[in-house]
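Derivation of every value follows stated rules applied to the coordinates shown; laboratory data play no part. Everything quoted here is computed from the prediction, not taken from an experiment. Positions of Cβ are backbone-derived with ideal geometry, glycine not excepted, and every protein chain shown enters the neighbour counts.
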Amino acid sequence: MSTSSNTSSRDAILGRIRKSLGRGAGEAAPVSVTERLSSPKANPVVPKRAQLAHPKQVELFEEMAKSVNATVAMVVSDNDIPREVARFLADHNLPARIKTSPDSAVSGLPWSDTALEVSTGIAGPEDAVSVTPSFGGVAETGSLMLRSGAGTPYTLNMLPDTHIVVLKASDIVGTYEEVWARLREKEGHGNMPRTFLWVTGPSRTGDIEQTIQLGAHGPRRLHIVLVDDTKENK
Amino acid sequence: MNVSTSPKFKENVHGALRDESLQRALGRLKSGFQEKRSAAAAKMPEFEALRDQARDIKNHTLENLDHYLLKFEENVKANGGHVHWCADAAEAREVVAKICRDKNAKSVLKGKSMISEEIGLNDFLEKQDLKVVETDLGEYIIQLRHEPPSHIIAPAIHVHKEQVADSFRETHTGRDPNRSLVEPRELLDEAREVMREHFFAADIGITGANFLIAETGTSVIVTNEGNGDLTQTLSRVHIAIASLEKVVPTLEDASSILRVLARSATGQEMSSYTTFSTGPKRDGDLDGPEEYHVILLDNGRSNMLGTEFQDMLRCIRCAACMNHCPVYGAVGGHAYGWVYPGPMGSVLSPSLIGVDEAGHLPNASTFCGKCEEVCPMRIPLPKMMRHWREREFEKHLSPSSFRYGIKTWAFFASKPKLYRAVTGIASKVLGKMSGGKGKIAKLPLAGGWTDMRDLPAPEGKTFKELWAEKQKQQGGSK
């Protein structure tokens with residue numbers, strides 16, 4: 001067993017790195033490092049695929065999400081979300097009981113328009129269906145951007161068999177870089193939630209003879225309810 | 001550190017080549033990985049430029065590794081987490097065990113982590129009476145079989161579904177013994193059910209990290225199953241284990257490299273889950289771990305900086321090199337004898353456990369160059385294997401017959417007239433030995449070749465003789 005304490009290992013490791021790189025202790029970081037950290041920028045090569053007008057980005061998002069086994073339904077207003085959720089669950093013979101995030105963006109929807117049994121909070125073993133909001137979507141790969149927080153417990157993204165995500169079309173951007181810019185704008189630079197999750201399709205595994213199976217340990221089904229709010233905004 | 005069988009590489013290879021079950025499993029590499037990678041690369045017009053960019057980001061980071069690690073540490077602490085710098089495997093194991101003891105933990109859940117394999121963490125924790133459960137399906141299967149992984153992203157690639165069913169029947173007692181466990185789906189469903197019970201009972205959740213982000217003090221895992229997320233969210237304590245070269249400067253830099261990672265690994269455009277974790281749960285959060293620790297492991301890496309092996313520290317563990325390697329494809333991962341197989345292992349293992357231990361591995365290459373061709377980080381793997389061969393030769397680790405042979409050849413090769421005379425005689429003798437059949441079945445001192453296959457016999461004249469004749473025929477046209 002090593003006898004070195006944590007502090008001396010820290011010094012020893014940093015010392016070896018500096019020696020290998022040929023510089024002394026206490027040397028200040030060069031501008032190329034400090035600027036990169038203080039004002040992060042997109043790197044020069046960003047795929048052109050998603051550099052499109054916004055309506056085309058929404059189309060690309062839908063196409064890419066479907067290509068990784070998510071399902072997508074478009075509704076025209078928030079008030080239509082509960083009916084779409086009820087329809088999806090009925091069509092797939094799934095339980096008419098949902099757990100939503102506490103965030104009013106989903107808990108505050110007119111669920112009483114449906115016969116669904118609705119509760120709010122973290123996910124437990126008994127929760128088969130969750131409904132959560134999203135921070136955004138990335139058209140490039142059809143990825144959902146989900147953040148943890150008081151109104152958006154993380155377990156809802158992973159434990160239930162069926163995960164239903166509400167995404168506003170206006171929150172769809174082309175690339176990951178645009179998401180980071182938005183997050184910094186909202187939270188301040190350097191402020192990350194405990195967890196920021198990119199979801200690209202439902203859970204899957206190829207660990208048994210390389211045959212792809214959906215629903216390994218996370219959700220078996222990922223359904224995206226896309227709210228077309230872009231016209232209202234104008 | 002994990003015990004290696006790398007010195008017995010040659011014996012391992014013989015066993016692997018005769019293992020029919022393994023050979024059947026390795027046959028799936030082409031459709032499983034190679035074709036998918038090439039399709040994903042073809043769909044991304046900027047793929048080659050993205051590879052250049054990923055290489056440059058990592059090179060910049062390595063040149064400033066001390067600065068970025070210090071910034072990473074500062075930001076983990078600012079978000080309420082802890083960073084543990086560990087010089088070697090023993091220290092890392094002890095730090096993890098101490099966290100477990102301090103929390104009075106009984107059970108430890110694991111997400112997939114190659115660093116955990118590198119430091120031999122599971123055995124160490126089990127000796128301290130902790131119950132350790134691997135949650136990634138592939139890792140779970142090999143844990144039940146008491147085997148090391150044979151591939152860095154598909155640890156159970158050598159196992160057939162019938163063998164998985166056997167392990168499940170043996171371990172998951174109390175279930176209907178007549179249940180069907182034939183289809184992969186049935187096996188997966190049972191594993192999912194069993195794992196759920198473990199998830200809700202866990203004290204400590206350990207994951208690896210694909211990236212550490214200096215700008216924010218974040219660790220990132222790239223997964224498909226969702227087990228890593230449940231491991232780190234449902235446990236009271238999340239420990240991320242990472243080697244120090246995993247750090248990148250910013251969220252944008254991680255995103256840029258992520259664009260080449262999954263495409264090179266599984267041929268996916270992006271993995272199902274890419275999870276950025278920063279600190280423990282925040283005030284007001286309803287779930288998430290109460291504590292967040294990062295184990296920052298050196299274990300030989302700082303000594304690779306500034307040497308001809310620095311480029312290896314760009315590796316993002318996508319496994320493209322082994323998926324495309326004819327040697328890996330013939331012998332599988334276990335033959336390499338330590339944690340990292342394939343071309344990346346042949347370069348990295350001698351750095352981490354020494355050339356005395358792993359010196360055979362850099363010789364396990366046909367130098368076809370496919371590994372470098374597909375490496376998203378453009379690591380010159382064949383060149384570095386050659387560096388190791390040179391060091392092995394310098395350290396007199398190559399067998400004496402090989403050294404004697406090379407020296408004898410060098411003696412003749414530096415004396416052209418003598419060389420021509422001797423090779424001319426030798427080719428005639430060998431031609432006679434074949435008895436006109438064009439091949440030799442047995443040749444003294446060349447058993448390594450002729451035991452397995454015939455040696456083609458030289459026929460007619462030597463190359464130099466033919467060349468001279470040809471020149472003559474052309475009548476000195478030059």
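Calculate log10 I(q)/I(0) of the range B:390-465 for q = 0.16 Å⁻¹, where I(q) comes from the Debye formula with a single equal point scatterer on each Cα and nothing for solvent. The computed values of log10 I(q)/I(0) come out as -0.76.
Going by neighbour counts of Cβ atoms within 10 Å, the residues B:Trp388, B:Trp467 line up, fewest first, as B:Trp467, B:Trp388.
The residues packed around B:Asn303, meaning those with a beta-carbon under 10 Å from its beta-carbon, carry a net charge of +2 if Lys and Arg are +1 and Asp and Glu are -1. Given +1 at the Cβ of Lys and Arg, -1 at the Cβ of Asp and Glu and no other charges, the dipole of the protein assembly as shown around its Cα centre is 3880 debye to the nearest 20.
In the protein assembly as shown, taking the dipole from charged Cβ atoms about the Cα centre, the farthest positive-side position among A:Leu146, A:Phe61, A:Ala90 is held by A:Phe61.
Working from Cα pairs under 8 Å separated by at least six residues, relative contact order for chain B is 20 percent.
Subtracting the Cα-Cα distance of B:Phe367 and B:Gln471 from their residue separation scaled by 0.36 nm leaves 34.1 nm. Each part gets one Cα centre, and for the range B:114-152 versus the range B:326-380 those centres are 22 Å apart.
Rg of the Cα atoms in the range A:54-233, relative to 2.2 N^0.38 Å, amounts to 0.99. The loop-placed GluC sites (Glu not before Pro) in the range B:230-309, going by DSSP, that have at most 14 neighbouring Cβ atoms within 10 Å of their Cβ come out as B:Glu290.
Considering only B:Gln128, B:Asn323, B:Ile213, and ranking their Cα positions along the charge dipole of chain B that arises from unit charges at the beta-carbon of Lys, Arg, Asp and Glu, the one farthest toward the positive end is B:Asn323.
In loop segments of the range B:301-399 as defined by DSSP, the trypsin sites (Lys or Arg not before Pro) with at most 14 further C-beta atoms inside 10 Å of their C-beta are B:Lys395. Annotation: amide H of B:Ile239 within the under-5 Å range of B:Gly205, B:Ile206, B:Thr207, B:His293, sequence separation 5 or more or interchain, hydrogens built in the peptide plane. What you get for chain B, charging only the Cβ of Lys and Arg (+1) and of Asp and Glu (-1), is a dipole of about 3200 debye around the Cα centre.
Note: the range B:380-419, Cα convex hull, 79 Å³ per residue.
For A:Ser143, the residues whose amide H sits under 5 Å from its own are A:Val138, ignoring neighbours fewer than 5 places away on the same chain, with H placed 1.01 Å from N.
Simple point charges give the picture: +1 on the Cβ of Lys and Arg, -1 on the Cβ of Asp and Glu, and for the range A:142-232 a dipole about the Cα centre of about 180 debye.
Computed over neighbours whose Cβ is under 12 Å from that of B:Ser434, the net charge equals +3, Lys and Arg +1, Asp and Glu -1. Pairs from the list B:Lys439/B:Lys461; B:Lys58/B:Lys110; B:Lys103/B:Lys131 with a Cα-Cα gap above 21 Å: B:Lys58/B:Lys110. Protection proxy ranking, highest mean first, for peptides B:144-150, A:191-197, A:54-60: A:191-197, B:144-150, A:54-60, where packing is the per-residue count of other beta-carbon atoms within 10 Å, averaged.
Scanning chain B for cysteines with no neighbouring cysteine C-beta under 4.7 angstrom from their C-beta gives B:Cys86, B:Cys100, B:Cys315, B:Cys318, B:Cys325, B:Cys368, B:Cys375. I need the calculated FRET efficiency for the pair B:Ala413 and B:Leu17, taking r as the beta carbon distance and R₀ as 45 Å, to the nearest 0.05. It comes out at approximately 0.85.
With θ taken as phi - 60° and the Karplus curve 6.51 cos²θ - 1.76 cosθ + 1.60 applied, the whole-hertz 3J(HN,Hα) list for the range A:203-209 is 4, 8, 8, x, 6, 9, 6 Hz, x standing for glycine and proline. As a proxy for reagent exposure, ranking B:Trp338, B:Trp449 by other Cβ atoms within 10 Å from fewest up yields B:Trp449, B:Trp338. Once the Cα atoms are used to define both axes, helix A:176-187 deviates from the longest principal axis of chain A by about 90 degrees. When only Cα pairs below 8 angstrom with a gap of at least 6 residues are kept, the range A:151-234 shows a relative contact order of 46 percent.
With contributions of -39500 (n - 2.57) from each DSSP H run of at least four residues, the per-residue ellipticity at 222 nm computed over chain A stands at -8500 deg cm²/dmol.
Scoring B:9-18, A:61-70, B:408-417 by mean Cβ neighbours within 10 Å over their residues and listing the highest first yields A:61-70, B:9-18, B:408-417. Using θ = phi - 60° in the Karplus curve 6.51 cos²θ - 1.76 cosθ + 1.60, the 3J(HN,Hα) couplings for the range A:109-121 round to 6, x, 5, 5, 5, 10, 9, 5, 8, 10, 9, 10, x Hz; x is entered for Gly and Pro. In the structure shown, the pairs B:Lys71/B:Lys112; B:Lys383/B:Lys407; A:Lys66/B:Lys106; A:Lys66/B:Lys370; B:Lys246/B:Lys370; A:Lys99/B:Lys77 are assessed against 30 Å; a Cα-Cα span above that value is assigned to A:Lys66/B:Lys106; A:Lys66/B:Lys370; A:Lys99/B:Lys77. Taking a Cβ cut-off of under 14 Å around B:Met384, the surrounding Lys, Arg, Asp and Glu residues balance to a net charge of +1, with basic ones at +1 and acidic ones at -1.
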